[in-house]
Amino acid sequence: MPPTLRLLENIEDMFVVEDLQRQVWGMDDAVVPNHLLLTAAHNGGLILGAFIDNRMVGFVFGFPGLTHTPDGPQPKHCSHMLAVLPEYENQGIGYLLKRAQWQMVRHQGLPLITWTYDPLLSRNAHLNIVRLGAISNTYVPNMYGEMHDSLNQGSPSDRLQVEVWVNSSRVRNRMSKRPRRQLDLAHYLSANTEIINPTRLGDAGWPQPSDTPWQPAVIAQSAGEPLPENLVQAALYLLEIPSDFQDLKTADPKLGLAWRLHVRTLLQDLFARGYLITDFVYLRGEYPRSFYILSHGERTLGE
């Protein structure tokens, strides 16, 4: 049975949201307090709760903000938190909350929603990029500094900032209830799309990041330098990440840090060359594999 979604606007609800944060992240110093939640909710912010049997099992929280463009500051919705109780994960509740948030932001007339997430979390990448239609070309190293909660401790708090362009056909198609045909790894490989960091399994069964420096096939250049006009960059690249970074990091912290720095270097380089993340592929199997799809240029934004 799907959860009931409700807009949260009173102080009693905010106490419950506080408690749910502690259950998910286990840290008091990371909890957004009830008075700040209430103030945001009464001043253009949105806090939506998901309820099963009258129990709040998840919420999403965001507030109005500004994004800086060549034409000056433009309004947006900054989505700050999404949480679902562990026993209710993998039931589509996060997607339902984000979809309801998108619908309400549309009614507010804001053109853009942004948020951040850890680029090494495969499940979050699938939700954000595949199901919600987000794109990204912004990588922020160690955004929140050292974090001590169970999900983030022991690794720099690197984040991708993603963008959901509220009225684009890309986002409307993904938010619709019509199933979307998802390309898998075989489709990309049959089109000769390069995996820029092919991995191997180590003795313990964890994927090892490539130790061969990557350069685009068309030219070796410093990040950010323009290509000569007569050269064309590849339209697509595949970039692999671990399919279960949390367990990998727990089992082998040194390997977890190696993956963090490896993906940081590659994504910062690709973003500087004009690429953006537009899709994500998860390959099931005994050893699952996960890949970001990076496309060149802004032509993909409306797809």
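Every number here is computed from the coordinates shown, using simple stated rules; none is lab data. Computed from a prediction, not measured in an experiment: that's the story for all the values here. Cβ placement follows ideal geometry from the backbone for every residue including glycine, while neighbour counts extend to all protein chains displayed.
Helix-only estimate, please: 222 nm mean residue ellipticity of the chain, summing -39500 (n - 2.57) across DSSP H runs of length 4 or more and dividing by its residues, to the nearest 500. So the calculated ellipticity at 222 nm is -8000 deg cm²/dmol. Across the stretch 4-175, the mean sequence separation of Cα contacts (distance under 8 Å, 6 or more residues apart), normalised by length, yields a relative contact order of 18 percent. Shape analysis of the stretch 4-175 based on the Cα gyration tensor places the equivalent ellipsoid semi-axes at 23, 20, 17 Å, largest first. Peptides 258-265, 5-12 ranked from most to least packed give 258-265, 5-12, packing being the mean of other C-beta atoms within 10 angstrom over each peptide's residues.
Under the criterion of Cα pairs below 8 Å and six or more residues apart, the relative contact order for the chain equals 15 percent.
Sorting 98, 177 by the number of Cβ atoms found within 10 Å of their own Cβ, with the fewest placed first, yields 177, 98. Of the options (1) 0.96; (2) 0.93; (3) 1.05, only one is Rg/Rh (Cα atoms, Kirkwood Rh) as computed from these coordinates, and that is (1). Taking a straight line from the alpha carbon of residue 177, these lysines sit under 27 Å away, with near neighbours fewer than eight places off in the same chain left out: 76, 98.
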